[in-house]
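Working notes for the structure below.
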């Protein structure tokens with residue numbers, strides 16, 4: 001099954017191939033995994049220069065069918081010269097003369113976005129490569145939907161890559177509707193990952209072969225691996241996204257995900273009810289409340305409390321909370337966080353509730 005990637009006009013498979021983890025495979029095994037994905041109808045392949053040798057492996061596997069594929073890669077450079085060099089390097093590594101999509105990678109705060117957009121920045125290099133015929137479309141990636149919303153409002157980007165999964169829904173509030181309105185294609189990444197502390201860590205682990213056996217998650221998503229994969233993918237596919245980019249490490253993983261994509265024709269009423277979550281007035285994880293004078297990781301505390309309250313992941317939430325360096329009970333109620341919160345959340349009250357639920 002395919003969907004249009006926004007105004008690009010590209011028809012992309014609803015299950016996309018994330019190339020990060022094939023860097024851990026031998027060259028021949030990686031080629032087999034990529035080729036199996038293509039044979040099963042996957043035509044959207046996402047990689048990055050930073051992902052080890054995944055560009056070389058992906059390019060070699062798709063060499064004779066390149067024109068049937070949509071290939072997207074990324075540059076994490078912030079200056080025009082470095083970004084332009086990244087593009088040319090990726091072309092060489094992939095063994096192709098044109099990229100379907102080049103993405104500005106990791107645009108996670110306003111400062112980084114402005115640096116990319118300014119004269120001499122990485123966006124300028126992408127536009128230069130496009131004018132020279134090396135690139136067709138320009139995308140942007142990141143983990144902060146409120147920053148990505150600002151990015152696509154510039155009308156400089158044709159698509160956006162953002163985390164969306166069962167527990168990570170911030171993009172669905174503003175970014176996804178805005179992208180749809182502007183004709184910007186949406187690719188969802190990390191369908192099997194959730195942010196726990198400061199870093200993106202894994203809901204089940206990045207690759208399907210490493211699915212977590214966390215009891216709370218089994219109860220939420222299914223007892224066996226195949227069930228958890230299906231629920232996780234079908235949740236994202238039910239959103240207004242063009243493709244769900246998952247990382248693969250074996251042909252078996254590809255076959256499981258492709259089966260979900262190829263059989264997808266909408267969700268049932270039962271799924272619709274189970275996917276619905278009443279988030280209430282929740283923390284959007286923008287991080288603008290930080291730093292806390294008492295060194296409390298406020299977004300993490302509120303995230304874990306949401307896991308506890310909304311998704312009933314009570315034991316897992318408490319274990320995650322115990323791993324934080326500073327407990328929420330260290331709060332002095334100074335109110336600095338509330339002054340900085342762009343969503344006007346009652347952060348002090350929310351922390352008090354988190355303390356009651358997560359520390360007892």
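The set of residues in the stretch 94-115 that are over 30 Å from residue 67 (Cα atoms) and either in contact with a helix residue (DSSP H, G or I) (Cβ under 9 Å, 6 or more places away or on another chain) or surrounded by 15 or more Cβ atoms within 10 Å (Cβ to Cβ) (or both) comprises 108, 109, 110, 112, 113, 115. Applying the set (1) surrounded by fewer than 19 Cβ atoms within 10 Å (Cβ to Cβ); (2) touching a residue at least 40 places away in the same chain (Cβ under 8 Å) to residue 268 leaves exactly one unmet item: (2). Check the stretch 200-207 and report whether any residue there is within 24 Å of residue 78 (Cβ to Cβ), assigned to a strand (DSSP E or B) and either under 16 Å from the mean Cα position of the chain (by Cα) or at pLDDT 95 or above (or both). Scanning the stretch 200-207, I find at least one residue that is within 24 Å of residue 78 (Cβ to Cβ), assigned to a strand (DSSP E or B) and either under 16 Å from the mean Cα position of the chain (by Cα) or at pLDDT 95 or above (or both), so the answer is yes.
Against the conditions (1) surrounded by fewer than 20 Cβ atoms within 10 Å (Cβ to Cβ); (2) touching a residue at least 40 places away in the same chain (Cβ under 8 Å); (3) farther than 27 Å from residue 182 by Cα, residue 60 satisfies every one except (2). Selection of the stretch 346-360 for residues being modelled with pLDDT of 95 or more and closer than 15 Å to residue 300 by Cα yields 347, 348, 350, 351, 352, 353, 354, 355, 357, 358.
Hey, which of the helices (runs of 4 or more DSSP H) in the stretch 69-141, taking only ones fully inside, have at least 1 residues that are more than 30 Å from residue 284 (Cα to Cα)?
Hits in the stretch 69-141: 80-94, 122-131.
Among the residues of the stretch 153-169, just one is under 22 Å from residue 233 (Cβ atoms), more than 11 Å from the chain's Cα centre (by Cα) and at pLDDT 95 or above, namely 159. From the list 256, 279, 320, the lone residue that is under 19 Å from residue 236 (Cβ atoms) and outside the structural domain of residue 12 (by TED's automatic domain parsing) is 279.
The values are calculated or read from the model by the stated rules, or taken from the named source; none is laboratory data. Owing to the predicted nature of the structure, the values given are computational and were not obtained by experimental measurement. Virtual Cβ from ideal backbone geometry, glycine too; neighbours counted across all protein chains shown.
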